[in-house]
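Here's the structure, in structure tokens; my notes come after.
What follows is calculated from the coordinates using simple rules that are stated; it is not laboratory data. Quick caveat, the model's predicted, so the values are computed rather than measured. Note: ideal-geometry Cβ built from the backbone for every residue, glycine included; neighbour counts use all protein chains shown.
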Amino acid sequence: MAKLTVNDLDVSGKRVFVRVDYNVPMEEKDGQMVVNDSTRIKETLPTLELLAKKGAKIILAAHLGRPKGQREATMSLKPVAKVLSEMIKKPVAFVDDCVGEQVELAVSKLNPGDILLLENVRYYNQEEENNPEFAAKLAANADVYVNDAFGAAHRAHASTEGIATAIVKKGGKAVAGLLMERELKFLGDELENASRPFVVILGGAKVSDKIKVIDTLLDKADTILIGGAMAYTFKLAEGLKVGQSLVEPDKVEVARAAVEKAKKKNVQFLIPSDNVVATPFKTDKLNKKGKPVIELQNPRVNAEKNIPDSEEGVDIGPATAKTYAEVISKAKTVLWNGPMGIFEDPRFAEGTFAVARAVVEATQKNGAKSIIGGGDSVKAINKAKLGDKVTFMSTGGGASLEFLEGKMLPGVAALSDK
Ligand code: AMP
């Protein structure tokens, strides 16, 4: 069901509560917390500029980190107000709380177009408990609710779900922001009615994290390309040897069932034919958890399907990268979630980068719609400096995965229908 958006409402002079995703990386500099990466703030600007133009009194709420119901000074949103103010080129007021009299007073001072940022909603345990009284307190200072925090929409919390219900109960509307609208369009409608061939690329660490996504996409895609450590569980399912690779032996049956379903549905389902492998070596160094640091030594291409006992698969090999790139070059729709290897280590990033280049080429030469489904694949494509050359990059991690699984996210479900 399509949801109302900020475009559908007259918000002139109204108090508009906007839930944003300002869970930004912070670091301490000269005794003060500063914002390390302002991408998430930048992404909210279109919604905020539109609301300001329409004459809304804008009240922003977000969470930062996991303060567990405590006033944790390092997790204050105050530094975000300064950054937002610089980016949107107007003052952004900040109030030291998210509910109660102080907030009421600050909201009463707002003129149309003004912006007020509230303090971290997770300073209260009731936020994550989705406590209805707390949600009603958040709603008390607002006439309209806007959710622009796709990355938090898979959680039924007071500022994502409870408040939407509370606002609707008192006769107001709960609507999607522009960023949320784009996420629903690309991860939802565009994939539901995908132009064909529709190629899905899935990688990352675990089959167990993505099996529901695989299952759902087997009903929609023409081809599924598997990479990352996940591929080794599929290799095990084929009776192949995987050496020291990261695998989930208890998910072999699940992998087998996915391959069976692919056959039945006539979906081309490919796993790597070659891999980059390396030998894990236990060093004397200890990591943060006090465990020995494992170094990956002597990387090489293993053109065999089996991986020798002493070695570990760390990336797809060049032959696989070539095959995958050829499949991708013919696609009209591409969805990518999860890296092809341990891309954080430059020695094992080539498979992921090759796929990234192929996705960009399909987008630019073939007019394919390329959708990057959040998390580490977004990091990887940015690392390859290709972020601006794909159609859409999701801002969600867990939320994107749950949405791709076909689940209705609580923060979306609570919004008013068109
Ligand atoms: P995910 O969050 O499930 O998308 O997983 C991303 C993580 O999977 C990244 O940190 C990668 O380093 C890791 N990864 C990808 N391929 C492998 C591999 N072959 N072995 C171990 N980890 C991998």
Revision key, fill the gap. Karplus ³J(HN,Hα) for the range 35-52 (6.51 cos²θ - 1.76 cosθ + 1.60, θ = phi - 60°; Hz, whole; x = Gly/Pro) runs 6, 8, 8, 9, 3, 5, 6, 4, 5, 8, 4, x, 5, 5, 5, 5, 4, 5
Check your understanding: Pairs Lys14/Lys109; Lys206/Lys389; Lys265/Lys407: which are spaced more than 20 Å apart, C-alpha to C-alpha?
Key -> Lys206/Lys389; Lys265/Lys407
Check your understanding: Given a Förster distance of 25 angstrom, what is the FRET efficiency for Glu133 paired with Glu27, based on the Cβ-Cβ distance and rounded to 0.05?
Key -> 0.10
Review point. How large is ³J(HN,Hα), in whole Hz, for each residue of the range 330-338 in order, when computed from phi with the Karplus curve 6.51 cos²θ - 1.76 cosθ + 1.60 and θ = phi - 60°, using x for Gly and Pro?
Key: 9, 6, 10, 9, 10, 10, 10, 9, x
Check your understanding: Volume per residue, Å³, of the convex hull around the alpha-carbon atoms of the range 6-182?
Key -> 103 Å³
Revision key, fill the gap. What helix-only [θ] at 222 nm does the chain give? Using -39500 (n - 2.57) per DSSP H run of at least 4, over all residues, to the nearest 500, the answer is -9500 deg cm²/dmol
Study note, to complete from the structure: FRET efficiency for Gln70 and Ile294 from the Cβ-Cβ distance with R0 = 51 Å, rounded to 0.05, comes out at 0.90
**Study point:** Ordering of 399-405, 239-245, 411-417 by packing [mean C-beta count within 10 Å, highest first]
**Key:** 399-405, 411-417, 239-245
Practice item. Give the cross-link partners of Lys322 among the aspartates and glutamates, using a straight C-alpha distance below 19 Å as the criterion and excluding same-chain residues fewer than 8 apart. Key: Asp222, Asp274, Glu304, Glu350, Glu361
Check your understanding: Taking the mean number of other Cβ atoms within 10 Å as a proxy for protection, how do you rank 352-358, 206-212, 390-396 from highest to lowest?
Key -> 352-358, 390-396, 206-212
**Study point:** Percent of Cα-Cα distances greater than 27 Å, calculated over the chain
**Key:** 56 percent
Practice item. Find how much the distance from Lys305 to Thr39 grows on full extension, using 0.36 nm per residue of separation minus their present alpha carbon separation; answer in nm with one decimal. Key: 91.7 nm
Revision key, fill the gap. The residues Met408, Met340, Met230, sorted from fewest to most surrounding Cβ atoms within 10 Å, come out as Met408, Met230, Met340
Review point. Separation between the Lys389 and Asp215 pseudo-spin-labels, each 7 Å from Cα along Cα→Cβ, expressed in nm?
Key: 3.7 nm
Study note, to complete from the structure: XL table Lys53/Lys385; Lys68/Lys288; Lys68/Lys251; Cα-Cα > 30 Å flagged, in table order, is Lys53/Lys385; Lys68/Lys251
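Please list 291-297, 190-196, 371-377, 119-125 highest first by mean number of surrounding beta-carbon atoms within 10 Å per residue. Could the numbers behind the result be given before it?
Working: 291-297: 12.7, 190-196: 14.7, 371-377: 24.7, 119-125: 22.6.
The most tightly packed comes first, giving 371-377, 119-125, 190-196, 291-297.
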Exercise for review: Find how much the distance from Lys82 to Lys322 grows on full extension, using 0.36 nm per residue of separation minus their present alpha carbon separation; answer in nm with one decimal.
Suggested key: 81.7 nm
Study note, to complete from the structure: per DSSP, antiparallel bridges as share of beta bridges in the chain, % nearest 5, sits at 30 percent
Check your understanding: How far is the Cα center of the range 180-254 from the Cα center of the range 109-148, in Å?
Key -> 37 Å
Check your understanding: How far, in nm, would the chain grow between Ala257 and Gln102 when pulled straight, counting 0.36 nm per residue and subtracting the alpha carbon separation?
Key -> 50.1 nm
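Using the count of nearby Cβ atoms within 10 Å as a rough guide to exposure, how do Ser12, Ser76, Ser370 rank from fewest to most?
Ser12, Ser76, Ser370
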